[in-house]
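Asker: Can you keep this structure in mind? I'll have questions shortly.
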Amino acid sequence: MVTAATWRSGHDTPRHPQPAAAYPLPRPDDDPRFTYGLVFDIADVLAAHGYPRPAHTDWADLMLALFRFLYQQKGNQ
C-alpha cells in the first residue's frame, strides 16, 4: 500500500501511469465563475481546516494564488 511517507521517500511507487493534470486550464478572457465569492469560499475552507482567515492584503494574495493555479500564463495556451 502506498502511504504519504512511502510516496515521498520514493519507495513502493505506483506502477500505473498517473492521469494528466487537470490544471492549469487555458486562460479565458473572462470567467464568470472566478468571483470574490469563490475566494471567500476558499478562505472558509482554509479556516475550517484550522488556518487563519485572510486579512488585509491576504485577500489579494489568495486571489492571485488561486488564479495562477487555475489558469495558464498568457502565451502558454
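The values are calculated or read from the model by the stated rules, or taken from the named source; none is laboratory data. For clarity, every value in this text was computed on a predicted model and none was experimentally measured. Cβ placement follows ideal geometry from the backbone for every residue including glycine, while neighbour counts extend to all protein chains displayed.
Asker: Touching a residue at least 40 places away in the same chain (Cβ under 8 Å) and within 13 Å of the chain's Cα centre (by Cα): is that true of L64 in this structure?
Answerer: It is false that L64 is touching a residue at least 40 places away in the same chain (Cβ under 8 Å) and within 13 Å of the chain's Cα centre (by Cα).
Asker: Taking the condition of being surrounded by 10 or more Cβ atoms within 10 Å (Cβ to Cβ) and not basic (K, R), how many residues in segment 46-58 meet it?
Answerer: Filtering segment 46-58 for residues surrounded by 10 or more Cβ atoms within 10 Å (Cβ to Cβ) gives 46-47, 51, 53-54, 58.
Checking the rest, the ones that are also not basic (K, R) come to 46-47, 51, 54, 58.
Count: 5.
Asker: Can you tell me which residue in segment 9-20 is modelled with the highest pLDDT, limited to those that are of a type outside the set (S, T, N, Q) and over 20 Å from the mean Cα position of the chain (by Cα)?
Answerer: Checked segment 9-20; the qualifying residue modelled with the highest pLDDT is P17.
Asker: Out of all the residues in segment 21-42, is one or more at pLDDT 95 or above, surrounded by fewer than 13 Cβ atoms within 10 Å (Cβ to Cβ), within 15 Å of the chain's Cα centre (by Cα) and part of a helix (DSSP H, G or I)?
Answerer: Yes, because at least one residue in segment 21-42 is at pLDDT 95 or above, surrounded by fewer than 13 Cβ atoms within 10 Å (Cβ to Cβ), within 15 Å of the chain's Cα centre (by Cα) and part of a helix (DSSP H, G or I).
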